[in-house]
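Here the structure is laid out as structure tokens; the discussion comes afterwards.
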Amino acid sequence: MQKSERSTNWKYPEIQEGKPTKYNWVVQNLNGFKLGFATDIGAFSYINAKYGVIIEDFVQIGSHCSIYSLSTIDDKQGEVHLKKNCKIGTHSSIMPGVTIGENSIIGAHSLVLEDIPDNVIAFGMPAKIQKQLN
């Protein structure tokens, strides 16, 4: 990953339990949340980290995304792991127990129910791998 202006000027955001950051995204269960360096989380995104959410370095998450380590609808739970340099398109939902691989891209409006490997593009409802990246 090359050093960019975004990573040069990046500062760790102030995050408070259940309150919007200055960028208007929210984390519930803050004790289970780990945020890497030079991340970008879009406005109006929601993260429930009760069973763990790890966001590694250089991850980009579009606006209006939802990341759940707990689903009260079907009682699923599990750590969500977004690996280095992955990108999540706007209005996407990542469900409990899912890992998104390094450098992978999730298209806008996707529902991710299963792990996505490194270096792929995936999208849809549910998200399916569409292309391998070099």
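Since every read-out is calculated from the coordinates, none of them should be taken as a lab result. Quick caveat: nothing in here was measured; it's all calculated off a predicted structure. Here the Cβ positions follow ideal geometry from the backbone for every residue, glycine too, while neighbour counts run over all protein chains shown.
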The stretch 71-77 - phi-based ³J(HN,Hα) in whole Hz, Karplus 6.51/-1.76/1.60, Gly and Pro as x
10, 7, 6, 10, 6, 6, 8
Per residue and in cubic angstrom, what volume does the convex hull of the Cα atoms of the stretch 73-125 have?
63
May I ask for the percentage of alpha-carbon pairs in the chain that lie more than 18 Å from each other?
50
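In debye, nearest 20, what is the charge dipole magnitude of the chain about its Cα centre with +1 on Lys and Arg Cβ and -1 on Asp and Glu Cβ, if you could check?
300
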So between Gln130 and Lys19, what do we pick up on full extension, going 0.36 nm a residue minus the alpha carbon distance?
36.4 nm
Can you pull the one-decimal nm distance between simple spin-label points at Ile121 and His91, each 7 Å off the Cα toward Cβ?
1.9
Cβ-based charge dipole, the chain, positive-most Cα from Phe44, Asn9, Val26
Asn9
Local electrostatic count at Ile55 - Lys and Arg +1, Asp and Glu -1, tallied over other residues with Cβ under 11 Å:
0
What does the net charge come to around Ser69 if you take all other residues with beta carbon closer than 11 Å to its beta carbon, with K and R at +1 and D and E at -1?
+1
With 27 Å as the limit, write out which pairs from Lys11/Lys131; Lys22/Lys87; Lys22/Lys131 have Cα-Cα distances beyond it, or answer none.
Lys11/Lys131; Lys22/Lys131
Candidates Tyr12, Tyr51, Tyr23: whichever shows maximal mean-square fluctuation once the chain is modelled as a Gaussian network with Cα springs under 10 Å:
Tyr12
